[in-house]
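Structure first, commentary second.
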Amino acid sequence: MTLKTMLAATALGLAVAGGAAQAKEWKSVRIAVEGVYPPFNYMDKGELTGFDVDVAKTLCTHMKVECTFVVQDWDGMIPGLLAGKYDAIASSMSITDERKKKVDFSDKYYNTPAHFMAATTSKVGDTSPKGLAGKTIGAQGSTTQASFLDKNYKDSTVKTYQSVDDASADLASGRVDLVFSDKVLLNEWMKKSSDGKCCELVGPDMSDPKDFGYGKGVAVRKDAPELLAMFNTAIKASLADGSYKADNDKYFPFSVY
């Protein structure tokens, strides 16, 4: 064997070995969830539950992996994933072009519109930027809804909160004029909160992908293509075999897919 041939063979061997090293076989997956976003994710008697959690468990069953859940505050979600604190995020995170610069997303596993909520006594009709000029609008920080308000509602005061429940409580107390969040989440708060009768949904649904993303997906690091493929395969399988529908129907009387 000539020196040139030996070098070529060595290079090929290293390339193959490198490729094999990168192809991780996933047997366990750590999944981050916020835990303060009912009915999608929340704590019940010290345990994480909600639609996100149940869907994640269903996907893990299809993937044949052992999954554990990590409670993580929203602002630290993507930084924690990139730092290796967990392997995936399944916490109602919208698939947006901006986030895709940092992480990869699975196919969507649900998609619901954004909406405004106001006090029933406010008589809010026009929810356009002009119609809400001078109003104070609450939203959870670091969300697509907060970004949309910052970009489009320049003549309103945008007040951000740790959670949507905190914003809704301030609306009930008269400290903000409206709250902007996921429609299903706001409906849930109005039904179950002791303050819920204070308020009503106003204006139209908002779901333009350029503002609100392409649905909610599972986020993974860009160096985990095998895990991403596993999640996508599991989402398709859960839709096909009815297990996704079972999770959906546990929380909603309509499809959120």
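General observations
- In order along segment 243-248, the Karplus-derived 3J(HN,Hα) couplings, from 6.51 cos²θ - 1.76 cosθ + 1.60 at θ = phi - 60°, round to 5, 5, 4, 4, 5, 4 Hz, and Gly and Pro are given as x.
- Antiparallel %, DSSP beta bridges [both residues in the chain], to 5: 60
- By the helix-only formula, in which each DSSP H run with n ≥ 4 contributes -39500 (n - 2.57) and the sum is divided by residues, the chain has a 222 nm mean residue ellipticity of -11500 deg cm²/dmol.
- If R0 is 51 Å, the Cβ-Cβ spacing of residue 246 and residue 133 corresponds to a FRET efficiency of close to 0.65.
- Only one residue of 204, 217, 39 has its Cα farthest out toward the positive end of the dipole of the chain, where Lys and Arg carry +1 and Asp and Glu -1 on Cβ, and that residue is 217.
- Here the simple spin-label model places points 7 Å from the Cα toward Cβ, and for residue 211 and residue 254 these points are separated by 1.9 nm.
- The mean accessible area for residues of the chain, using a 1.4 Å probe and ignoring ligands and nucleic acids, is 50 Å² per residue.
- Segment residue 28-residue 85, extension gain: residue separation times 0.36 nm, minus the distance between their alpha carbons: 19.2 nm
- Theoretical FRET efficiency, 1/(1+(r/R0)^6), r = Cβ-Cβ of residue 70 and residue 152, R0 41 Å, to 0.05: 0.75
- Counting only heavy atoms of the protein chains and using a 1.4 Å probe, residue 198 has close to 40 Å² of accessible surface.
- Apolar share of the accessible surface for segment 90-138: 48 percent from carbon plus sulfur atoms, 1.4 Å probe.
- Only aspartates and glutamates eight or more places from residue 245 in sequence, or on another chain, were considered; those with a Cα closer than 12 Å are 54.
- Reachable lysines from residue 197, criterion Cα separation under 26 angstrom, eight or more residues apart if same chain: 45, 123, 135, 159, 183, 250
- Cα-based convex hull, segment 33-81, per residue volume (Å³, whole number): 77
- Segment 36-158: projected area of the alpha-carbon convex hull, averaged over directions, in nm²: 9.6
- Descending semi-axes in Å of the chain, equivalent ellipsoid built from Cα gyration tensor: 41, 21, 15
- Translational diffusion of segment 120-207, µm² s⁻¹ [Kirkwood Rh, Cα pairs; Stokes-Einstein; 20 °C; 1.002 mPa s]: 166
- When nucleic acids and ligands are ignored and a 1.4 Å probe is applied, residue 26 ends up with an accessible area of around 30 Å².
- Reference-scaled alpha-carbon Rg (2.2 N^0.38 Å with N residues) for segment 62-129: 1.57
- Whichever lysines have a C-alpha closer than 24 Å to that of residue 85, once near sequence neighbours (fewer than 8 apart) are set aside: 24, 27, 57, 64, 100, 101, 102, 108, 216, 222
- Using bins of 5 Å that start at zero, the share of Cα-Cα pairs per bin across segment 192-257 amounts to 3, 12, 13, 15, 19, 17, 9, 7, 4, 1, in whole %.
- Nonpolar atom fraction for segment 157-248, defined as the carbon and sulfur part of the 1.4 Å probe accessible area, stands at 51 percent.
- A 1.4 Å probe over all protein chains sorts 30, 175 by accessible area into 175, 30, starting with the largest.
The values are calculated or read from the model by the stated rules, or taken from the named source; none is laboratory data. No experiment lies behind these values; they were computed from the predicted model shown. Quick reminder, even Gly has a Cβ in these numbers, built from the backbone with ideal geometry, and neighbours come from all protein chains shown. SASA here: full protein model, heavy atoms, side chains in, ligands and nucleic acids out. Shrake-Rupley method; radii C 1.70, N 1.55, O 1.52, S 1.80 Å.
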